[in-house]
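These notes concern the structure reproduced below.
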């Protein structure tokens, strides 16, 4: 029993130490960008090849389109290329 | 009307090689993929791309199911005269879209 208690105490001590260490450990998460090949990274960086820019163009059209009967975003928030502040 | 982005120069010197890059939003459904219900989704692809320079075909391409969604095409055109570059995509289910860009040749 004494050996059992000592080993439990030691395990608890280790646990406490590791939890303290986890609070100060650096963030190990990585962006998926790091796992891409160089060719795909270049494609993503190039605005003319990145397919996401098609949806950015969609957003640009939505910014200027009147929403039903009310005004479009552009009428109060002006040109989004400068600032979206109203 | 699918969203299309075209990068073509607005001015060029005579005889200069212009690099034109086009990107169009299209799902390019191969006809082999299964949807959520397990049935294969029907084929819906772009078939042909044509670039006309002052109504003369300077570049064309046949596209097949192997081309992935949102096809990106880059090609070169020699600048001869000022005028209009028109880009036409034709595909399944009567898809047809034309975009144009003007070019001024010095």
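The values are calculated or read from the model by the stated rules, or taken from the named source; none is laboratory data. This is a predicted model, so every value here is computed, not measured. As a convention, Cβ positions derive from the backbone with ideal geometry for all residues, glycine included, and neighbour counts pool all protein chains shown.
The condition of being closer than 21 Å to residue B:25 by Cα and at pLDDT 90 or above holds for only one of A:38, A:42, that being A:42. Among the residues of region B:20-32, those identified as more than 10 Å from chain A (Cβ to nearest Cβ) and surrounded by 10 or more Cβ atoms within 10 Å (Cβ to Cβ) are B:20, B:27, B:28, B:29, B:30, B:31.
Screening B:101, B:74, B:79, B:61 for residues that are within 14 Å of chain A (Cβ to nearest Cβ) and surrounded by 13 or more Cβ atoms within 10 Å (Cβ to Cβ) leaves exactly one candidate, B:101. Answer yes or no as to whether residue A:49 is within 14 Å of another protein chain (Cβ to nearest Cβ), part of a loop (DSSP other than H, G, I, E, B) and at pLDDT 80 or above. Criteria met by residue A:49.
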